[in-house]
Amino acid sequence: MVDALAGQHPGADTELHHRNAFELLVATILSAQSTDAGVNRITPALFSRYPDARALANATTEELEPLIHATGFFRQKARALRGMAQALVATHAGHVPADMAALTALPGVGRKTANVVLGHALGIPGFPVDRHVLRVAARIGLSSGTDAERTEADLCALLPPARWVHASDLLILHGRRVCTPTPRCHACTIHDHCAYAARDAADNGPTHGPTRV
């Protein structure tokens, strides 16, 4: 199924623009309840003004809020960014730690954000689970979990660590483009292997099968 999704979504990768682990950490925090495209529009100005943890740690929330306003929940995010940067400076000499426990101890950083940074910027296998991964994994029958941590464990057990990051990217894109809340099953390359499609066919009769895209 992962190989089939790779054919449907070639070049799958995080869509958050970044040049290093610090920038990806900031961008991922900002992406909560926002789109990656929306985050990418505001981060060039943000990173120009605050290029590292030390610079961001010295920012005030009043300075940060106008720069990140468009991403939504800007007051909470400004506090989280400032707290995260101050913790990096105080505890890690301004560097992003390559460790799940250390990352999730930072303000505003949960497992999903930590896995994004570990996998995409620090070369450490992780399986980020966002709302798209949670929905798609349950729908197609890869996880029976109803929360992100259980789903992460189920998915990690199915694949070798070297494939975790890419598989997460594929499930995210599939959830955005095809397996949306109202699924576009006719356009799905894994339709024939999907638990949801099988249940739908049993209830309503067979469909015409997937359209390869």
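Of the residues 24, 146, 158, the one whose Cα sits farthest toward the positive end of the charge dipole of the chain, with +1 on the Cβ of Lys and Arg and -1 on the Cβ of Asp and Glu, is 24. Fraction of C-alpha pairs exceeding 22 angstrom in the chain: 52 percent, rounded to a whole number. Max-minus-min Cα coordinates of the range 21-121 on each principal axis give 30, 26, 21 Å, with the largest extent listed first.
Taken about its Cα centre, the chain carries a charge dipole of about 300 debye when Lys and Arg each add +1 at the Cβ and Asp and Glu each add -1 at the Cβ.
What the phi angles of the range 168-174 give under the Karplus curve with 6.51, -1.76 and 1.60, with θ = phi - 60°, is a coupling list of 4, 4, 5, 5, 4, 5, 5 Hz, glycine and proline written as x.
Net charge in the neighbourhood of residue 85 (other residues with Cβ under 9 Å of its Cβ; Lys, Arg +1, Asp, Glu -1) is +1. Eigen-decomposition of the gyration tensor built on the alpha-carbon atoms of the range 128-204 gives equivalent ellipsoid semi-axes of 21, 13, 11 angstrom, largest listed first.
Rounded to the nearest 10 degrees, the inclination of helix 131-140 to the longest alpha-carbon principal axis of the chain is 20 degrees. Is it possible to state the helix-based mean residue ellipticity at 222 nm for the chain, with each DSSP H run of 4+ residues giving -39500 (n - 2.57), the sum divided by total residues, to the nearest 500 deg cm²/dmol? What is it? Estimated from H runs of four or more residues: -17500 deg cm²/dmol.
For the options 125, 97, 161, a Gaussian network treatment of the chain with springs between C-alpha atoms closer than 10 Å singles out 161 as fluctuating the most.
More than 21 angstrom separation, counting every C-alpha pair in the range 1-80; what % is that?
Working: 985 of 3160 pairs.
Value for the range 1-80 (Cα pairs over 21 Å): 31 percent.
Seen against the Cα atoms of the chain and their longest principal axis, helix 195-204 is set at about 40 degrees. If you take all other residues with their beta carbon under 14 Å from the beta carbon of residue 132, and give Lys and Arg +1 and Asp and Glu -1, the sum is +2. In this Cβ point-charge picture (+1 for Lys and Arg, -1 for Asp and Glu), the range 128-204 has a dipole of about 220 debye about its Cα centre.
Taken together, the values in this text are just the output of simple stated rules run on the coordinates, not laboratory data. Just so it is clear, the model here is predicted, and its values are computed rather than measured. Cβ coordinates were reconstructed from backbone atoms using ideal geometry, including for glycine residues, and neighbour counts include every protein chain displayed.
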